């Protein structure tokens, strides 16, 4: 599960606005320093048992700040974002679909485009990414229709695979999103992108 | 209580390693863009009732990451830091002393030097900054001895003043340290220094 020397493991949850913002930046940053990004969708909620933490939205003051900060950071990065009415969501379906595409086509092709399309649908177009019809629309570009989506998200194979990925994230002590790991060095949060960039550039300190 | 257009309110708790790291950077950053820093010690613990959050150290996985991240960030900034054995502490005494110096000499002189000396004693020299003898040693440079320290930290005036400052921080929705507020725009965390710098440089976006 652990990346090679020139790989950045990018742990994301499709319900995390900060993971979305990071996803718009990480590929260019990695490429600049000769790294490849391996996306690893997981479920933040599954880590709360381990950490004793709660979703941001359950801490009203922190959440109010975060809503403001998300917009401010998005504008700084030249991105647009809107927190959907249905938020947060349990991102099991897009998670399973991601690994389906990864198994079918590898890390860098369709799986990566699918991840971008899911974030775009949820945080820019405010579509419900837990809905098979919406997921079918997203997957049309990648050769699947709504019926295929329905089968894949219920399939024993993808259930087992996604659970294994979530367990592996917990095993690596991932507790938030976005989290980046390069050569076992962990960086948590979109605000860490600058430090991560320096780490990639220098090889660490 | 609110700063002027060219002031940065810097909310800190003397027990916060991230506030210490930020304190080594913020004055140069502010000066670069023509701002002044107003230090405002408060008690993070007093905000937990409002936010429902807990100290980092009570989230073992997050704390383990933070211990590593504090060292990594310190090295990046050219600072040294050691988490003291007695950690965290209730920073009421240095907080009251800070405002004593601020009342006596203003924001920028002795109060600022005292704040730096307290952080240095705690996070570099690992001294117990809740101990009157240690505080007396720190305050010797500023014209107070251990007996003076003992009187000031027990005085009704400084109790009332520090409590008012903590209440004012809560009123402004401050929930962590370091927090920076400039023209009512809040930035939370040492990782936000770059974004704060861009905000000061551009006037915001």
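Some points to look at:
- Residues A:146, A:165, sorted so that the one with the fewest Cβ neighbours within 10 Å comes first: A:146, A:165
- Figure legend: label point modelled 7 angstrom from the Cα of residue B:87 along Cα→Cβ; residues of the stretch B:1-42 with amide N under 17 Å from it are B:13-24.
- Overall, the ratio between the Cα radius of gyration of the stretch B:129-177 and 2.2 N^0.38 Å, rounded to two decimals, is 1.40.
- On the principal axes of its alpha-carbon atoms, the protein assembly as shown has extents of 78, 37, 37 Å, going from largest to smallest.
- Counting only DSSP H runs of at least 4 residues, each contributing -39500 (n - 2.57), and dividing by the residue count of the protein assembly as shown, the helix-based mean residue ellipticity at 222 nm comes to -15500 deg cm²/dmol.
- Cα centroid separation, the stretch B:54-120 to the stretch A:71-102 (Å): 35 Å
- Across the stretch A:1-122, the fraction of Cα-Cα pairs farther apart than 24 Å, rounded to a whole number, is 30%.
- Where both bridge residues fall in chain A, DSSP classifies roughly 55% of the beta bridges as antiparallel.
- Spherically averaged projected area in nm², based on the convex hull that wraps the Cα atoms of the stretch B:7-202: 10.7 nm²
- Over the stretch B:23-73 - Rg/Rh using Cα atoms and the Kirkwood inverse-distance radius: 1.11
- Mean separation of Cα contacts under 8 Å (6+ apart) over length of the stretch A:7-202, as relative contact order %: 33 percent
- GNM top mover of A:71, A:79, A:171 - chain A, alpha-carbon springs below 10 Å: A:171
- In whole angstrom, the stretch A:97-191 maps to an equivalent ellipsoid with semi-axes of 25, 17, 12, each derived as √(5λ) from the alpha carbon gyration tensor and ordered largest first.
- Remark: mean inter-chain Cβ contacts per residue of A:58-68 equal 4, using a 10 Å Cβ-Cβ cutoff to other protein chain atoms.
Values quoted throughout were computed directly from the atomic coordinates according to the rules given, and no laboratory measurement underlies them. Keep in mind that this is a model prediction, so the values were computed, not measured. Heads up, the Cβs are rebuilt from the backbone with ideal geometry, glycines too, and the neighbour counts pull from every protein chain shown.
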